[in-house]
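All of the numbers you see were taken from the coordinates with simple rules; none came from a lab. This one's a predicted model, so the numbers in the text were calculated from it and none came from an experiment. Positions of Cβ are backbone-derived with ideal geometry, glycine not excepted, and every protein chain shown enters the neighbour counts.
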Amino acid sequence: MKLLVTGGAGFIGSNYIHYMLGRYSDLSIINVDALTYAGNLHNLQSIDQSEQYRFVRADITDRAALEPLFAEGLDAVVHFAAESHVDRSIEQPEVFVRTNVLGTQTLLELARQYGTGKFVHVSTDEVYGTLGEEGLFSETTPLAPNSPYSASKAGSDLLVRAYHETYGLTVNITRCSNNYGPYQFPEKLIPRMLQQAMEDKPLPVYGDGLNIRDWLYVEDHCSAIDLVLRKGKSGEVYNIGGRNERTNLQVVRTILAELGKPESLITFVEDRLGHDRRYAIDADRIRNELGWTPKHDYESGIRETIRWYKANRQWLKDVRDGSYRAYYDTRYGSS
Ligand code: NAD
Ligand code: TDX
C-alpha cells in the first residue's frame, strides 16, 4: 500500500508514521510537509533512511508540487497538515483559512482527478463548539465552531463531505479530542506547562482554569486512524476520544506533582478570547462499529509523557530556540 501522509513532521503526524511503519512491512509512506514552525523532521530521524519512507517538502496549497505524487498512484491519503493552534488563529486567522481550507481542497481535487483510493481527513472535536456541564459530542452534533481555527477545520470537513457527495470520492472524517504525548509543540497546554515547570517559571492558566478538555494519548489516536483507514465506511464521520475529562487546573496540578514542583508556580492570566468551556467525546461509533479501544489510561499516559519530556529536554530546547530550522534550510532550502 502506498500512503500519502500530509503534515507528517508535526506532532500527531510523526507519531502516526512511527506507528504505521512499526506495524506494517508492506506499506510505503510519502510524507508531505511544508515544515512550518510546527514541523520538525527530528521527530522522524530514526526512520529517515527506511526504504518504506520518503519525505517531500511541499505546501499543501501548491498544486504543482503535489501533482507528481498523485500521478504516481496512491492507495490513500491521510491528511494531518494544518495550522493547529487556537491562540495563533486568534492572532492571525488568514493562514488558517489558506492552509486548512484551501490546502484541503487542493488535496481533494488531486485525489479526485487521480482516483486516489481513500481520503482520511483528520479533524477535531472543536468543530462542534462548546458543551455545558452535561452531554457529549456525537457525530450528529451540529457544527458550531467558535475560533478561527475550528471554523477553518469545519470548512475543510464540509469540503470533504462535498467531494464525497458530489464526486463520490471515498472519504472518512475523524474528529478527535485533545491529544498529548511525545513530540507535541510546546505552545500546547501540556508541553508548555511541563517546560515552564521544569525551568521553575510561572505556569500561565487562562481564565479560571476550569475549562474542560477530554484527553487522549496520541498513540490511541493513531490506532483509531489506522482502523478508519482500513475499515471505515466511506462518507462516515468517526469521533475519537477516551472519556478522560479534566479541568486545565487538574492537568497542571498533576504535572507539578509529578515533577515535585510547588503549586505557587500556577499563575492565572487573561482568558483566551471565545474560550470553549468544555469538550467531551462520545466515541461509541468507532468502538462499536470498528472495534477501537484505547490502550492508555490518562494517569499512566500522562506519567509516560512527563518522563519523555524530562528525558528529551534537548528536543524541547531545539524546538524553542529554532535550531532545527538551520538544518532544514541547508538540506531543503529556506522557507
Ligand atoms: P502540528 O501543528 O503539530 O503539525 C502540523 C504539521 O502540518 C506540521 O508539521 C506543519 O509543518 C504542517 N503544515 C502546516 N501547514 C502546512 C502547509 N500549508 N502545507 C504542508 N504542511 C503544513 O499539529 P498536530 O497537533 O499534529 O495536528 C495534526 C492534525 O490533527 C491537525 O489537522 C489538527 O487539526 C488535528 N487534531 C489535532 C489535535 C491535537 O490535540 N493536537 C486533536 C484533534 C485533531
Ligand atoms: O498556556 C496555556 N494556558 C491554558 O490555560 C495554553 C497553551 C492553554 N491553556 C488552556 C486553553 C485550553 O482550555 O488549556 C486548554 C488546552 O489548550 P491547547 O493546548 O491550546 O488546546 P485546545 O485549544 O483545546 O486545542 C487542541 O485540541 C484540539 C489542539 O491545539 C487542536 O489542534 C485540536 O484540534
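A few notes on this one:
- Proxy reagent accessibility, fewest Cβ within 10 Å first, across Phe55, Phe119: Phe55, Phe119
- Kirkwood-based Rg to Rh ratio, region 257-307, C-alpha trace: 1.12
- Amide H contacts under 5 Å for Ile240, placed H, 5+ residues apart: Arg175, Cys176, Ser177
- Legend: ranking of residues Leu35, Leu4 from fewest to most surrounding C-beta atoms inside 10 Å; resulting order Leu35, Leu4.
- Cβ-defined net charge surrounding Ile29, 14 Å radius [Lys, Arg +1; Asp, Glu -1]: -4
- Dipole magnitude (debye, nearest 20) for the chain, charges at Cβ of Lys, Arg, Asp, Glu: 500
- Rounded to the nearest Hz, the phi-derived 3J(HN,Hα) couplings of region 91-103 under the Karplus curve 6.51 cos²θ - 1.76 cosθ + 1.60 (θ = phi - 60°) are 7, 9, x, 4, 5, 5, 5, 4, 6, 6, 8, 5, x, where x marks glycine and proline.
- Distance from the Cα centroid of region 72-104 to that of region 204-263 is 20 Å (rounded to whole angstrom).
- Region 128-233 - Debye-derived log10 I(q)/I(0), Cα point model, q = 0.12, 0.17, 0.18, 0.20 Å⁻¹: -0.58, -1.06, -1.15, -1.31
- Amide H contacts under 5 Å for Val5, placed H, 5+ residues apart: Ile30, Asn31, Val32, Val78
- Rg/Rg_ref, region 208-263, where Rg_ref = 2.2 N^0.38 Å and atoms are Cα: 1.57
- Radius of gyration, Dmax [the chain; alpha carbons; angstrom]: 19.1, 57
- Karplus-based coupling profile of region 160-176, in residue order and whole Hz: 4, 4, 5, 5, 6, 5, 7, 10, x, 4, 7, 9, 9, 10, 10, 10, 9, with θ = phi - 60° in 6.51 cos²θ - 1.76 cosθ + 1.60 and x standing for Gly or Pro.
- For region 1-87: relative contact order, % (alpha-carbon pairs under 8 angstrom, 6 or more apart): 41
- Using a Gaussian network model of the chain in which every pair of alpha carbons under 10 angstrom is joined by a spring, one finds that among Ser177, Ser14, Ser300 the greatest mean-square fluctuation is at Ser300.
- The charge dipole of region 127-240, taken about the Cα centre with unit charges on the Cβ atoms of Lys, Arg (+1) and Asp, Glu (-1), comes to about 340 debye, rounded to the nearest 20.
- Which of Thr6, Thr104, Thr293, Thr130 has the fewest Cβ neighbours within 10 Å, and the rest in rising order: Thr293, Thr130, Thr6, Thr104
- Considering helices alone, the calculated mean residue ellipticity of the chain at 222 nm is -12500 deg cm²/dmol, with DSSP H runs of length four and up weighted by -39500 (n - 2.57) and normalised per residue.
- Links that overshoot a 23 Å alpha carbon limit, given the list Lys118/Lys188; Lys188/Lys310; Lys2/Lys317; Lys153/Lys201; Lys201/Lys310: Lys118/Lys188; Lys2/Lys317; Lys153/Lys201
- Amide proton proximity set for Tyr53, modelled H, under 5 Å, gap of 5+: Ile29
- Considering only Gly242, Gly13, Gly135, the Gaussian network model of the chain with Cα springs below 10 Å gives its largest mean-square fluctuation to Gly135.
- Among Ala64, Ala280, Ala197, residue whose mean-square fluctuation peaks in a GNM of the chain (springs only between Cα atoms under 10 Å): Ala64
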